[in-house]
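The values are calculated or read from the model by the stated rules, or taken from the named source; none is laboratory data. This structure is a prediction, so every number in the text was calculated from the model and none was measured. Cβ placement follows ideal geometry from the backbone for every residue including glycine, while neighbour counts extend to all protein chains displayed.
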Amino acid sequence: MSSEKVPVRIEVNERTFDLEIPAHHTLLDVLRDDVRLTGTKECCAEGECGACTVLVNGEAVCSCLVLAIEMDGRQITTIEGLVSNGQMDPIQEAFVATGAVQCGFCIPGMIMAARQLLSSNPHPTRAEIQEGLAGNLCRCGGYSRIVDAVAKAAESLR
């Protein structure tokens, strides 16, 4: 791999970062290594598990699949960006309240996928929740509690 570095300006959680990064670095690389936001997890590095899900302009994206240099001018939201004035997002609160957090590895990606789902469909059915989270895998098998958490969050948004 080339060690050529390129300038990139990215906006993460409403903060602008001017960086010099290797052109081949993914958004996940930059979030974890350069911006030091480690809530976004690296797992499969192939876009299969959803652990690295972030929002790019409000859409759920596997950050391991996109190059950071492609993010110029886009707004990126990570799990850390959901906290506002010290308050967790209602989805985060629902995950805690329903016991949906087990090992925690998949949870940031699940919450980000749920955030995108509830932004586009604030009143999903259980089937729609399952469909909305379909690209995110949980190794612990806590799917029923995760679906319960998203349903609870949807109720709190009404």
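Across the stretch 117-142, what is the total count of residues that are part of a helix (DSSP H, G or I), in contact (Cβ under 8 Å) with a residue 12 or more places away in the chain and either in contact with a Cys (Cβ under 8 Å, 6 or more places away or on another chain) or surrounded by fewer than 19 Cβ atoms within 10 Å (Cβ to Cβ) (or both)? Explain how you work it out, then say what you get.
Initial filter on the stretch 117-142 (part of a helix (DSSP H, G or I)): 117-120, 126-132.
Checking the rest, the ones that are also in contact (Cβ under 8 Å) with a residue 12 or more places away in the chain come to 117-119, 126, 129-130, 132.
Filter once more, so that each one left must be either in contact with a Cys (Cβ under 8 Å, 6 or more places away or on another chain) or surrounded by fewer than 19 Cβ atoms within 10 Å (Cβ to Cβ) (or both): 119, 126, 130.
Residues meeting the conditions: 3.
Applying the selection to the stretch 148-158, what residues are part of a helix (DSSP H, G or I) and either more than 17 Å from Q102 (Cα to Cα) or acidic (D, E) (or both)?
To start, the set of residues in the stretch 148-158 that are part of a helix (DSSP H, G or I) comprises 148-156.
Across the stretch 148-158, the qualifying residues are D148, A151, K152, A153, A154, E155, S156.
Check whether at least one residue in the stretch 1-24 is in a strand (DSSP E or B), among the basic types (K, R) and farther than 19 Å from L82 by Cα, and report yes or no. So that I can check it myself, show each step before the final result.
Of the stretch 1-24, the ones in a strand (DSSP E or B) are 5-12, 15-22.
Filter once more, so that each one left must be among the basic types (K, R): 5, 9, 15.
From the residues that got through so far, the ones that are farther than 19 Å from L82 by Cα too are 5, 9.
Yes - at least one qualifying residue is present in the stretch 1-24.
Considering C106, C52, which residue is farther than 20 Å from V12 by Cβ, within 12 Å of the chain's Cα centre (by Cα) and either among the charged types (D, E, K, R) or buried (at least 21 other Cβ atoms within 10 Å of the Cβ) (or both)? Don't jump to the end; show me each part of the working.
Values: C52 fails: farther than 20 Å from V12 by Cβ.
One residue alone meets the criteria, C106.
Those residues that are within 20 Å of A97 (Cβ to Cβ) and either modelled with pLDDT of 95 or more or of a type in the set (A, V, I, L, M) (or both), I need them from the stretch 131-147; list them, please.
Going residue by residue through the stretch 131-147, those that are within 20 Å of A97 (Cβ to Cβ) are 132-133, 136, 138, 140-147.
Result: L133, I146, V147.
Out of all the residues in the stretch 1-52, which are more than 30 Å from G141 (Cα to Cα), of a type in the set (D, E) and without any contact (Cβ under 8 Å) to a residue 60 or more places away in the chain?
E4, D18, E20, D34
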